[in-house]
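For reference, the structure discussed in these notes is given below.
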Amino acid sequence: MILSRELLFLVLFGLSVQLLSAQETDPPGQCGTVAYNQWLEKQDPGYASSRKSVQEKIRDYLRRMNVQKEDSNQVIQIPVIVHILWNTAEQNIPDEQVWSQIFALNEDFRRLNADTVNTPVMFKPVAADSRIEFCLARRLPDNSGPSNGILRIWTDKAEFGLDNKVKSAYHGGSAAWDRDRYLNIWVCKLTANYLGYSQYPGGPDSTDGVVIDYRCFGRVGTLNPHYNKGRTATHEIGHWLDLYHIWGDDFGSCDGSDYVDDTPNAADANYYCPTHPRITNCNATGEMFMNYMDYCDDHCFNIYTAGQAQRMRAAIFTVRTSLLSSDGCDDYIGMQELEKDNHVTLYPNPASDYIHLTFSKPLNKAVFIVSDMTGRTCLLGQATNVTHQALDVSHLNDGLYFLSVRSGSSSVTLKLLLQR
Ligand SMILES: [Zn+2]
């Protein structure tokens, strides 16, 4: 008996040691953007010169900006369409996982992420809110109907590479929505240890967007424990808005640049989660390994700088301007008033912790969206075949909100006051 208990202890102890070391020695994931862009240059003879022209436009804009300070403080909202390409059921990730990704993006890009407290004191002065937000598409590209911003497409492909096939229906993928109005995000199983890849501004319209592996997309679901805070998308969308890796992709030399002044020089990619200050031959005071454009684990990241925010906004104001007038996140004009055939009651209002919705008829496939006065989505919920729904709003600050209830092509928006 004792022997078997000892054996059990040894087996368990051995297992836990093995698990620990497995975590620390897991081969790290990789961003495919550099390899993809090299491939694209060979595929598309015009791509290199198009990139050059984009770079010049952004450089000139930033120069002008530094003199004239003409960037408005406007918050930019980018409509997103998520294409989920699934071959096995596990790859067909739930809506909640997609929503958690949009939340994560809005926190990271607006510096509302809880882990800003981990930004080292020496980097806090350059940390920035980029005033860029993301919303799931609410209408189809041809305005023929509403959309929830998520497409689910079964594919016979076991996995995809860095060759754009995921963006082509002919090759088992899904065609991009109009890149002038939407950011296309493809979620699929990627080959090897690639976490994602992105197309810089200036590439072909039909392949514009980012691709993310389903095991590192969002914050909930079956995720790789190293990449479970939605920051692969934060990183890849950084590339999509013309940010480079923070070490300048120079294979460890100190000469490469990310063309941003307030990110300190770095030798090479950092992995897992180093201890600050990380001193290298390119940086005697500490590398900014917690920057989203490095390669660390998700929990290690917490900062975009003012220079990076300015560069991303410059990309939007020069070569992605059409997104500024996109109607992708406006409600579909043909939406029917839900109230016409289903009476909706909201109580209590004002509310403090929970709100309740009742419907005179069962509501099929309902989505509940609470947004604040700036239009930022604060809460999402869904239910099917309900006549009553409770929503927990206890985490939201006091103030006025809009509660939108959608079902099929019907919707109603109610005002909600939170008061404690
Ligand atoms: Zn990258």
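Just so you know, all these numbers are worked out from the coordinates, no wet-lab data involved. What you are looking at is a predicted structure, and each value in this text was computed from that prediction instead of being measured. Here the Cβ positions follow ideal geometry from the backbone for every residue, glycine too, while neighbour counts run over all protein chains shown.
Beta bridges from DSSP with both residues in the chain: antiparallel share about 60 percent, rounded to the nearest 5.
Computed from point charges on the beta carbon alone (+1 for Lys and Arg, -1 for Asp and Glu), the dipole magnitude for segment 30-325 about its Cα centre is near 560 Debye. May I ask you to derive the FRET efficiency for HIS343 and HIS395 from their Cβ-Cβ distance with R0 = 35 Å, giving the value to the nearest 0.05? The value I calculate is 0.75. At R0 = 25 Å, how high is the FRET efficiency between VAL75 and ASP262 if r is their beta carbon distance? Nearest 0.05 is fine. The calculated FRET efficiency here is 0.70. Across segment 286-301, computed HN-Hα scalar couplings (Karplus, 6.51 cos²θ - 1.76 cosθ + 1.60, θ = phi - 60°) run x, 7, 8, 5, 7, 6, 4, 8, 9, 10, 6, 5, 4, 5, 8, 7 Hz from first to last residue, x flagging Gly and Pro.
Counting other C-beta atoms within 10 Å, and keeping those with at most 16, which DSSP coil GluC sites (Glu not before Pro) do you find in segment 34-100? It would help to have the intermediate numbers written out before the result.
Values: sites: GLU41, GLU56, GLU70, GLU90, GLU96; in loops: GLU70.
Listed in order of number, the matching sites are GLU70.
Ranking GLY218, VAL405, VAL393 by how far each Cα lies toward the positive end of the dipole of the chain (charges on Cβ) leaves VAL405 at the top. Helical content alone sets the calculated 222 nm signal of the chain at -7500 deg cm²/dmol, taking -39,500 (n - 2.57) per DSSP H segment of four or more residues and averaging over every residue.
What is the fewest-to-most order of ARG311, ARG138, ARG111 by other Cβ atoms lying within 10 Å of their Cβ? Let's see the in-between values first.
Working: ARG311 25, ARG138 21, ARG111 17.
Arranged by neighbour count, lowest to highest, ARG311, ARG138, ARG111 become ARG111, ARG138, ARG311.
Scanning the chain for DSSP H helices at least 24 Å long along the axis (C-alpha atoms) with a Kyte-Doolittle mean no lower than 1.0 picks out 2-25.
Here's how it looks for CYS135: its modeled amide H is under 5 Å from those of ILE78, VAL80, which are all 5 or more places away or on a different chain. Within straight-line reach of LYS57, meaning a Cα separation under 26 Å, sit the following lysines at least 8 residues removed in sequence or on another chain: LYS42, LYS69. Among the cysteines of the chain, CYS31, CYS188, CYS216, CYS378 have no other cysteine beta carbon within less than 4.7 Å of their own. Using the Karplus relation 6.51 cos²θ - 1.76 cosθ + 1.60 with θ = phi - 60°, the per-residue 3J(HN,Hα) values for segment 157-172 come to 8, 5, 7, 10, x, 8, 10, 6, 4, 5, 9, 10, 4, 4, 9, x Hz, with x marking Gly and Pro. Since only THR377, TYR197, SER360 are under comparison, the one whose Cα sits farthest along the positive direction of the charge dipole of the chain, derived from C-beta charges on Lys, Arg, Asp and Glu, is SER360. Considering only ASP297, ASP392, ASP205, the mean-square fluctuation computed in a Gaussian network model of the chain, springs between alpha carbons under 10 angstrom, is largest for ASP392. All other residues whose Cβ lies under 13 angstrom from that of SER360 are scored, Lys and Arg at +1 and Asp and Glu at -1, for a net of 0. Neighbour counting of Cβ atoms within 10 Å sorts the residues THR25, THR280, THR116, fewest neighbours leading, into THR25, THR116, THR280.
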